[in-house]
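The values are calculated or read from the model by the stated rules, or taken from the named source; none is laboratory data. Predicted model, so just to flag it, every value in this text is computed and none were measured. Glycine also receives a Cβ, built like all others from the backbone with ideal geometry; neighbour counts cover every protein chain displayed. Keep in mind that these areas ignore ligands, DNA and RNA; they rest on the heavy atoms of the full protein, side chains included. Shrake-Rupley method; radii C 1.70, N 1.55, O 1.52, S 1.80 Å.
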Amino acid sequence: MNRIIYIIVCFGLSFFVPHFAMAQTTDSIPVFDYATPQDFEIGGIKVTGANYSDENALIAIAGFKVGDKIRMPGGEIARAIKALWRLRLFTDVQIYQEKTIGDIIFLEIAVQERPQLSRHSFKGVKKTSHDDLNDVVNQYLIKGAIVTETIKSDAVVGIKDYFKGKGYPDTKVKVKEIEDKGVNKVRLVFDIDRKERIKIQDITFAGNENVKSRKLRNKMENTRRKRRIFSSSKFIKPEYQTDKETIVAYYNTLGFRDAIITNDSIWRNEKGQLMLHLDIDEGNRYFFRNIVWKGNSIYDTERLRTVLGIEEGDVYNTELLNTRLQFSQDGRDISTLYMDNGYLFFNIEPIEVAIVGDSIDVELRIFEGPQATIDKVIVQGNDRTHEHVIRRELRTRPGQKFSRSDIIRSQREIINLGYFNPEALGINTPVNPQRGTVDIEYTVEEKPSDQLELSAGWGGAGRGVIGTLGVSFNNFSVRNILKRETWSPLPQGDGQRLSLRAQTNGRFFQSYNASFTEPWLGGKKPNSFTVSGFYTQLTNGQLKTSDLYSRLSIANISFGLGTRLKFPDDNFVSSTTLNFQILNLDRWTRGDFVVDGGILADGSFNNFSINQTFSRSSISDPIFPKSGSRISLAMQFTPPYSLFNKDRDYANELPQDRFKWLEYHKWRLTAEWYTQLIGDLTLRAAAKIGMLGFYNRDIGTSPFERFQLGGDGLSNQNTGLLGYDIIALRGYEVNDLPASDRGAAAVFDKFTVELRYPLSLNPSSTIFVLAFAEGGNSWRNFRDFNPFDIRRSYGMGLRVFLPMFGTLGFDYGIGFDKNLPNPTGNIFQDFGKFSIVLGFEPD
């Protein structure tokens, strides 16, 4: 009977522990009698087949040790096999009886290891998806690691989840193990069948009596019907849950504080497309009744009511209430009112104290707390820029009262330096309630700020190839020039700007300019000093000894001082510049300068002027502004020489004598506004207007310093060094504007509206697309000026900003108001124009 029981037990183990065996060698070892088990002492243990596993660790996990007693047959062998199998490192585990000597037994643990991963690949999907899929499976697969069923299963689930997020919930994935080169090596091939993308056919609602279904669908930003043209249709469950919360939050803003989604259904129609249905219980609509303030001693109730801006009878909107209480983007909130006065520990809590019918009474409980003083201001992360360059831009200083607005302004000033990654700028405010102080920590991340300009273009003087080489060191340091260890590749860190630029196409055209700016002259106040100069020469390519030789040359030097104003606010900057310019014309018959209807071709002219500019900038980011404005008024004057020479008969003098010393007054107004519409979609509106006037009617308008409207600001940028202000007008060439003398006018205006959307806001490569509508015109004199007579254009463009090279842009504009003598009838050929932007945005 006992023998039968042992046989049944061993037979059962063969089912529960497959591939596991207890075997004997042929060395005259007696067969064990299951009726009378024997006790043995383990005399030795060896492991075979473990090429990558630690043998001692396997023996320990099996629970064997030399000298231990073991009963044969018995349960120790089965338990050891199960323990090794649970490691999931082997495809086969067996324990052999190697031999016995008396009551001493020797065991052999034989294992067959699972293969190791050598590499993996994908099948059935485009190579463009491989990088993303690698990121998914590399969370589970490690080269050289043991390949287990769990690892393969996890990788398959990850791949399916990836394609679910792309709108392919029916994706099928098969894994194949293929032997690879090397001992016990395999490669995994993931055979992927995405199936068809499942789109959302329709989203329906029930119970929405006060809000239209279309409005609710628009609130679901992540879950879209396939009928929308510019958005993808796919179903992702976490994003769907977020969209449901958005719908409820929207109802709350309309006064439906009890609105809920009672039920939602998701199913497939007969075509396999998704259908979504949501049942909504809107509840009652509520309104504010009594708003009571408690705990306010610093500001009276009337002042707080004005800032809050919510009156009795207004729709009950908890989102608006919380925004007006804390952290409104426009700074109109109770929290900002207190925190700008140092009350960092301020807190306000709205409590619903009564609900009567459709009206709600709210009590606003205020804890004002003590005022907090700034203790330490810490700057970290600046490994190139010297700390004083950052600190002088900060509005927060030790000993001052805490102010949230000052922190926001300091953040903007750091970003506008252009030396740091705006996405990585961190601000931390650890507080010490016992002392009533707060530290302010600014953490910055340096980014490249120097720029290299290397370009070539066709056109300009001589109609040849014009090469341009320029460098701008925007974080230069003069004081470290003699310290070789600070060069990288030039001394940097003091926020100074050094710019060098050269253009030439041989003997036809040459231009060289240099400038240096110290933004904090003296280091105490934001008074900037700039010195710059340029020299330009254009010829017709003939030898100087030739009778046909003609030349234009301009030499210019400028000195400028700028300062930040405190009135009307400290966003205003004043800049004053002294300019001296010498212009020489030698048989220059191209007709760039027109006087009295004729061409000014010879003469030497002096241009000494003072330029006064007042500007205000509140933009949020110099590369891709999303908010703020930038306005400047520039006034340029020469001395009124004719007032001191009243006896001269200017009307009868030759132009060479009349304009020997140029006299004029020049005005330019530029304004830009940026508004964030939806997400990162930004609206830019701009207006520019300029006028060149004279003091003495007998002298008339100066042939220099006029405005040249049209072109793209690149192909005609050489003539900008001739004393013209170049204003790009997309869709038009310079000569497309008939009311100017070869593009040179005394009055111009230009208006622009742009929609901008960023494709990448990475500081190393900011990319955005734009659509524009633009209009402008120019006139010979102010009498002809008509602001409603504009030349219109529409188009699209692309901008790529690389820190090392500046801005690279492309625009295609269609100018609808061209006067074409022989139109072809093709709108793109007749009216279209392609423009290029290199290194800077055209004016």
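Return the pair list, or none, for Cβ contacts closer than 8 Å from residues in segment 446-469 that are over 30 Å from Ala424 (Cα atoms) to residues that are at pLDDT 85 or above and among the charged types (D, E, K, R), at least 6 apart or on different chains.
From segment 446-469, the pairs are Thr468/Arg501; Leu469/Arg501.
When segment 430-448 is examined, which residues are found to be loosely packed, with under 14 Cβ neighbours inside 10 Å and in a strand (DSSP E or B)?
Listed by number, the list holds a single entry, Asn432.
Within the bounds of segment 517-533, is there any residue that is open to solvent by 50 Å² or more (accessible area, probe 1.4 Å) and free of Cβ contacts under 8 Å to residues at least 24 places away in the same chain?
Yes, some residue in segment 517-533 is open to solvent by 50 Å² or more (accessible area, probe 1.4 Å) and free of Cβ contacts under 8 Å to residues at least 24 places away in the same chain.
Is segment 151-164 home to any residue that is of a type in the set (Val, Ile, Thr), open to solvent by 80 Å² or more (accessible area, probe 1.4 Å) and without any contact (Cβ under 8 Å) to a residue 40 or more places away in the chain?
No.
With the condition kept exactly as written, say whether any residue in segment 318-338 is out of contact with any Gly (no Cβ under 6 Å at 6 or more places or on another chain), open to solvent by 80 Å² or more (accessible area, probe 1.4 Å) and of a type in the set (A, V, I, L, M, F, W, C).
Checked segment 318-338: at least one residue is out of contact with any Gly (no Cβ under 6 Å at 6 or more places or on another chain), open to solvent by 80 Å² or more (accessible area, probe 1.4 Å) and of a type in the set (A, V, I, L, M, F, W, C).
Test of understanding: among Arg305, Arg257, which residue is closer than 27 Å to Ile351 by Cα and buried (at least 17 other Cβ atoms within 10 Å of the Cβ)?
Result: Arg257 is the single residue among Arg305, Arg257 that is closer than 27 Å to Ile351 by Cα and buried (at least 17 other Cβ atoms within 10 Å of the Cβ).
State whether one or more residues within segment 646-654 are at pLDDT below 90, on the phi > 0 side of the Ramachandran plot, in a loop (DSSP other than H, G, I, E, B) and basic (Lys, Arg).
no
Can you pull out every residue in segment 171-222 that is in contact with a helix residue (DSSP H, G or I) (Cβ under 8 Å, 6 or more places away or on another chain) and within 22 Å of Glu270 (Cα to Cα)?
Thr171, Arg194, Ile203, Thr204, Phe205
Scanning segment 596-619 for residues that are assigned to a loop (DSSP other than H, G, I, E, B) and crowded, with 18+ Cβ neighbours inside 10 Å, which turns out nearest to the chain's Cα centre (by Cα)?
Applying the filter and picking the extreme gives Ile619.
Are any residues in segment 657-716 in a strand (DSSP E or B) and of a type in the set (D, E, K, R), and if so, which ones?
Within segment 657-716, Lys666, Arg668, Glu672, Arg684, Lys688 qualify.
Okay, residues lined up against (1) surrounded by fewer than 18 Cβ atoms within 10 Å (Cβ to Cβ); (2) in contact with a strand residue (DSSP E or B) (Cβ under 9 Å, 6 or more places away or on another chain); (3) within 20 Å of Asp570 (Cα to Cα); (4) not aliphatic (A, V, I, L, M):
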position: Ile631; (1), (2), (3), (4): yes, yes, yes, no
position: Gln636; (1), (2), (3), (4): no, yes, no, yes
position: Asp647; (1), (2), (3), (4): yes, no, no, yes
position: Ala651; (1), (2), (3), (4): yes, no, no, no
position: Pro655; (1), (2), (3), (4): no, yes, no, yes
position: Arg658; (1), (2), (3), (4): no, yes, no, yes
position: Lys666; (1), (2), (3), (4): no, yes, no, yes
position: Ala671; (1), (2), (3), (4): yes, yes, yes, no
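Taking the condition at pLDDT below 80, more than 22 Å from the chain's Cα centre (by Cα), surrounded by 18 or more Cβ atoms within 10 Å (Cβ to Cβ) and not charged (D, E, K, R), does Gly460 pass?
Spelling it out, Gly460 is indeed at pLDDT below 80, more than 22 Å from the chain's Cα centre (by Cα), surrounded by 18 or more Cβ atoms within 10 Å (Cβ to Cβ) and not charged (D, E, K, R).
Are there any pairs, at least 6 apart or on different chains, whose C-beta atoms fall under 7 Å, with the first in segment 493-510 and at pLDDT below 95 and of a type in the set (D, E, K, R) and the second open to solvent by less than 40 Å² (accessible area, probe 1.4 Å) and assigned to a loop (DSSP other than H, G, I, E, B), and if so, which?
Cβ pairs passing all conditions: Asp494/Ser477; Arg507/Gly541.
At pLDDT below 90 and either under 34 Å from the mean Cα position of the chain (by Cα) or open to solvent by less than 30 Å² (accessible area, probe 1.4 Å) (or both), is that true of Ile142?
When the stated conditions are applied, Ile142 passes them.
Take the residues in segment 357-384 that are part of a strand (DSSP E or B) and open to solvent by 70 Å² or more (accessible area, probe 1.4 Å); name whichever of them is farthest from Pro491 (Cα to Cα).
Arg365
Looking at (1) more than 27 Å from Ser528 (Cα to Cα); (2) at pLDDT 90 or above; (3) surrounded by 14 or more Cβ atoms within 10 Å (Cβ to Cβ), which is the one condition that is false for Phe593?
So Phe593 meets the others, but not (2).
For segment 819-840, name all the residues that are within 16 Å of Ala728 (Cβ to Cβ) and at pLDDT 75 or above.
Within segment 819-840, Gly832, Lys833, Phe834, Ser835, Ile836, Val837 meet the criteria.
Restricting to segment 339-353, and then to whatever is touching a helix residue (DSSP H, G or I) at 6+ places or on another chain (Cβ under 8 Å) and open to solvent by 30 Å² or more (accessible area, probe 1.4 Å), can you tell me which residue is modelled with the lowest pLDDT?
Asp340
Quick check: anything in segment 732-739 under 30 Å from Asp830 (Cβ atoms), in a strand (DSSP E or B) and at pLDDT 75 or above?
Taking every residue of segment 732-739 in turn, none turns out to be under 30 Å from Asp830 (Cβ atoms), in a strand (DSSP E or B) and at pLDDT 75 or above.
Would you be able to say whether some residue in segment 570-587 is of a type in the set (Asp, Glu), surrounded by 13 or more Cβ atoms within 10 Å (Cβ to Cβ) and part of a strand (DSSP E or B)?
yes
If Tyr162 meets every condition in (1) in contact with a helix residue (DSSP H, G or I) (Cβ under 9 Å, 6 or more places away or on another chain); (2) more than 28 Å from Arg268 (Cα to Cα); (3) in a helix (DSSP H, G or I); (4) not small (Gly, Ala, Ser) apart from one, which number is that one?
Of the numbered conditions (1) in contact with a helix residue (DSSP H, G or I) (Cβ under 9 Å, 6 or more places away or on another chain); (2) more than 28 Å from Arg268 (Cα to Cα); (3) in a helix (DSSP H, G or I); (4) not small (Gly, Ala, Ser), the odd one out for Tyr162 is (2).
Out of Glu209, Glu221, which single residue is under 34 Å from the mean Cα position of the chain (by Cα) and of a type in the set (Asp, Glu)?
None of the others qualify; the one that does is Glu221.
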